[in-house]
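Enquirer: First, the structure itself, so that you have it in front of you.
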Amino acid sequence: MSRLRIGIVGCGSVTQTIHLPALNQLKDLFEVTALCDVSANVLAGLGDEWGIATRVTDYQDLLALDTLDAVLIANPDAYHAEVTIAALRAGVDVLVEKPMCINLAENDAIIAAEKESGKTVQVGTMRRYAPAFIEACRIVRDMDEIRLAKVHDLIGRNSLVIEPTSRVLPADDIPASVSESMRERLAGQIRVAIGDVPAALQTAYRMMLGLSTHDLSAMREMLGMPQRVLYAVQRCGGRYQTAAFDYGDYICQFSTGVDNIPRFDTYLQVYGDNRVVRVDYDTPFVRNLPIRLTVTETTDGMNNRQTVTHPGWGDAFTEEWRAFHHSIVSGKPAKSNPQDFRNDLVLFRDMIQLMGGASG
């Protein structure tokens with residue numbers, strides 16, 4: 001088990017630009033033995049490029065192979081729960097891209113399947129595995145008091161970074177009916193999660209599943225689960241959101257949105273009386289960009305000192321894969337596990353309920 005055999009379900013841009021390079025870098029820990037995608041063109045091109053001979057279009061065929069120990073699930077979000085449960089029942093460990101699932105019913109089914117199988121499920125919230133974030137959590141835990149916290153995530157569309165920096169094989173052979181079926185399935189799963197709500201709230205929920213789970217998952221690891229959501233508001237058809245989370249002695253402010261500027265304006269910041277701790281993230285689609293930790297503090301109330309550190313070279317996705325390997329070989333549960341992800345869905349549900357009571 002020192003070198004795990006990995007099958008990949010879903011070979012889109014994230015697999016092509018991030019996961020396969022990360023797994024190739026970690027050849028001492030992983031070997032990719034099979035690819036699965038509904039696009040025959042992507043399978044052929046990617047399989048040839050990476051020298052992966054086993055290629056299937058049905059994930060059930062991949063799970064039936066005797067040449068894999070674990071799977072990466074990176075297909076469209078609507079199918080994450082289905083494939084995760086099938087993989088667990090097939091007796092393989094799972095690293096599933098976020099969101100792990102769409103609603104609480106799916107989440108609870110995954111928790112039950114993981115418990116029954118004895119296997120590991122790790123959710124791909126890779127920002128939590130960055131050395132700068134882990135060190136920031138340690139510092140925050142040692143702070144005497146917290147007065148305020150901020151979680152901010154304003155980014156440009158991913159394609160603005162991917163297109164000029166990477167070559168992505170397009171899935172241009174997939175019938176339109178397949179894509180339409182996926183959209184209908186996702187819409188149904190969202191209705192189960194938050195009811196039959198206006199289009200803006202559906203968009204807001206999709207934003208939460210796709211982007212905010214990074215932010216709120218990291219917030220929860222650093223600060224714990226908030227007592228409640230004080231307010232949550234969406235604007236611009238759900239594409240921009242603000243919220244406030246009640247931590248008793250302090251408030252955590254949240255803001256997010258996606259625009260057309262090719263940049264990453266993403267950070268977590270925690271304020272005490274004598275110390276401010278901040279983690280800044282950059283786009284993951286250019287590998288190995290620094291994730292920085294900044295600590296500003298005073299010891300005498302007159303002078304201040306600011307320390308900017310980059311605790312280690314390496315990609316957060318690579319660290320995520322290292323942690324996955326460690327969980328499997330050690331038998332210890334992943335920190336970003338299904339029970340942990342459930343907390344995000346609870347916060348999303350509460351935020352949508354509050355947004356539903358506000359104009360937008």
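The values are calculated or read from the model by the stated rules, or taken from the named source; none is laboratory data. Predicted model only: the values in this text are computed from it and were never measured. Every residue, glycine as well, gets a Cβ built from its backbone with ideal geometry; the counts of neighbours run over all protein chains shown. Ligands, DNA and RNA are excluded from the accessible area calculation, which covers all protein heavy atoms including side chains. Shrake-Rupley method; radii C 1.70, N 1.55, O 1.52, S 1.80 Å.
Enquirer: Restricting attention to segment 56-63, does a residue exist that is in contact (Cβ under 8 Å) with a residue 60 or more places away in the chain and not aromatic (Phe, Trp, Tyr)?
Expert: So far as segment 56-63 goes, no, none of its residues is in contact (Cβ under 8 Å) with a residue 60 or more places away in the chain and not aromatic (Phe, Trp, Tyr).
Enquirer: Condition check: out of contact with any Ser or Thr (no Cβ under 9 Å at 6 or more places or on another chain), of a type outside the set (Val, Ile, Thr) and open to solvent by 10 Å² or more (accessible area, probe 1.4 Å). Does Gly237 satisfy that? Give the derivation first.
Expert: Numbers: out of contact with any Ser or Thr (no Cβ under 9 Å at 6 or more places or on another chain): no; of a type outside the set (Val, Ile, Thr): yes; open to solvent by 10 Å² or more (accessible area, probe 1.4 Å): yes.
No; evaluated as a whole, the condition is false for this residue.
Enquirer: Would you mind finding the one in Ala53, Ala64 that is of a type in the set (A, V, I, L, M, F, W, C), farther than 20 Å from Lys119 by Cα, open to solvent by 60 Å² or more (accessible area, probe 1.4 Å) and at pLDDT 95 or above?
Expert: None of the others qualify; the one that does is Ala53.
Enquirer: Which condition breaks for Arg185 when tested against (1) surrounded by 18 or more Cβ atoms within 10 Å (Cβ to Cβ); (2) under 29 Å from Val38 (Cα atoms)?
Expert: It is condition (1) that Arg185 fails.
Enquirer: Can you pull out every residue in segment 16-42 that is hydrophobic (A, V, I, L, M, F, W, C) and open to solvent by less than 10 Å² (accessible area, probe 1.4 Å)?
Expert: Of everything in segment 16-42, those that are hydrophobic (A, V, I, L, M, F, W, C) and open to solvent by less than 10 Å² (accessible area, probe 1.4 Å) turn out to be Ile18, Leu20, Ala22, Leu23, Leu26, Phe30, Ala34, Leu35, Cys36, Val42.
Enquirer: Under 6 Å between Cβ atoms, at least 6 apart or on separate chains: pull out the pairs that start in segment 167-190 with a residue that is farther than 12 Å from Tyr79 by Cβ and end on any residue that is open to solvent by 70 Å² or more (accessible area, probe 1.4 Å) and in a helix (DSSP H, G or I).
Expert: Partner pairs satisfying both residue conditions: Asp173/Asn41.
Enquirer: Please specify each residue of segment 67-84 satisfying the condition of being open to solvent by 20 Å² or more (accessible area, probe 1.4 Å), under 21 Å from Ala323 (Cα atoms) and within 21 Å of the chain's Cα centre (by Cα).
Expert: Passing the criteria: only Ala74.
Enquirer: Going through segment 48-66 one residue at a time, which ones are of a type outside the set (Val, Ile, Thr) and more than 25 Å from the chain's Cα centre (by Cα)?
Expert: Initial filter on segment 48-66 (of a type outside the set (Val, Ile, Thr)): 48-51, 53, 55, 58-66.
Result: Asp48, Glu49, Gly51, Ala53, Arg55, Asp61, Ala64, Leu65, Asp66.
Enquirer: Which members of segment 147-165 meet the condition of being in contact with a Cys (Cβ under 9 Å, 6 or more places away or on another chain) and either crowded, with 21+ Cβ neighbours inside 10 Å or among the charged types (D, E, K, R) (or both)?
Expert: Hits for segment 147-165 are Ala149, Lys150, Val151.
Enquirer: Which of (1) open to solvent by 30 Å² or more (accessible area, probe 1.4 Å); (2) touching a strand residue (DSSP E or B) at 6+ places or on another chain (Cβ under 6 Å); (3) more than 24 Å from Ser13 (Cβ to Cβ) is the odd one out, the single condition Pro262 does not satisfy?
Expert: Of the numbered conditions (1) open to solvent by 30 Å² or more (accessible area, probe 1.4 Å); (2) touching a strand residue (DSSP E or B) at 6+ places or on another chain (Cβ under 6 Å); (3) more than 24 Å from Ser13 (Cβ to Cβ), the odd one out for Pro262 is (3).
Enquirer: Additional query: Output yes when any residue across segment 307-316 is of a type outside the set (Lys, Arg) and in a helix (DSSP H, G or I), and no when none is. Explain how you work it out, then say what you get.
Expert: So in segment 307-316, the residues of a type outside the set (Lys, Arg) come out as 307-316.
Now restrict to residues that are in a helix (DSSP H, G or I): 316.
Checked against the condition, which is being of a type outside the set (Lys, Arg) and in a helix (DSSP H, G or I), segment 307-316 yields at least one hit.
Enquirer: Okay, next question. Can you tell me which residue within segment 325-352, out of those that are more than 18 Å from the chain's Cα centre (by Cα) and touching a residue at least 12 places away in the same chain (Cβ under 8 Å), is nearest to Thr242 (Cα to Cα)?
Expert: So, considering only residues that are more than 18 Å from the chain's Cα centre (by Cα) and touching a residue at least 12 places away in the same chain (Cβ under 8 Å), the one nearest to Thr242 (Cα to Cα) is Met351.
Enquirer: Tally time: how many residues in segment 318-347 are farther than 21 Å from Asn107 by Cα, touching a helix residue (DSSP H, G or I) at 6+ places or on another chain (Cβ under 9 Å) and open to solvent by 10 Å² or more (accessible area, probe 1.4 Å)?
Expert: 3
Enquirer: Among the residues of segment 348-360, what is the count of those that are open to solvent by 30 Å² or more (accessible area, probe 1.4 Å) and at pLDDT 95 or above?
Expert: The number of residues fulfilling the criteria is 4.
Enquirer: Return the only residue of Tyr281, Tyr247, Tyr267 being within 23 Å of Glu135 (Cα to Cα), among the aromatic types (Phe, Trp, Tyr) and touching a Gly at 6+ places or on another chain (Cβ under 8 Å).
Expert: Within the list Tyr281, Tyr247, Tyr267, the selection yields Tyr247.
Enquirer: Counting residues that are touching a His at 6+ places or on another chain (Cβ under 6 Å) and hydroxyl-bearing (Ser, Thr, Tyr), which helices (runs of 4 or more DSSP H) fully inside segment 78-183 reach at least 2?
Expert: Working: elements: 80-89, 104-117, 131-141, 159-165.
Because the criterion is at least 2 residues that are touching a His at 6+ places or on another chain (Cβ under 6 Å) and hydroxyl-bearing (Ser, Thr, Tyr), no helices (runs of 4 or more DSSP H) in segment 78-183 meet it.
Enquirer: Go through the residues of segment 246-257 one by one and say whether even a single one is more than 24 Å from Leu354 (Cα to Cα), charged (D, E, K, R) and either crowded, with 17+ Cβ neighbours inside 10 Å or touching a strand residue (DSSP E or B) at 6+ places or on another chain (Cβ under 7 Å) (or both).
Expert: Checked against the condition, which is being more than 24 Å from Leu354 (Cα to Cα), charged (D, E, K, R) and either crowded, with 17+ Cβ neighbours inside 10 Å or touching a strand residue (DSSP E or B) at 6+ places or on another chain (Cβ under 7 Å) (or both), segment 246-257 yields no hits at all.
Enquirer: Applying the selection to segment 288-317, what residues are exposed (fewer than 13 other Cβ atoms within 10 Å of the Cβ) and in contact (Cβ under 8 Å) with a residue 60 or more places away in the chain?
Expert: His310, the sole residue that qualifies.
Enquirer: Given (1) open to solvent by less than 70 Å² (accessible area, probe 1.4 Å); (2) part of a helix (DSSP H, G or I); (3) farther than 30 Å from Ile139 by Cα, where does Val197 come up short, assuming only one miss?
Expert: (2)
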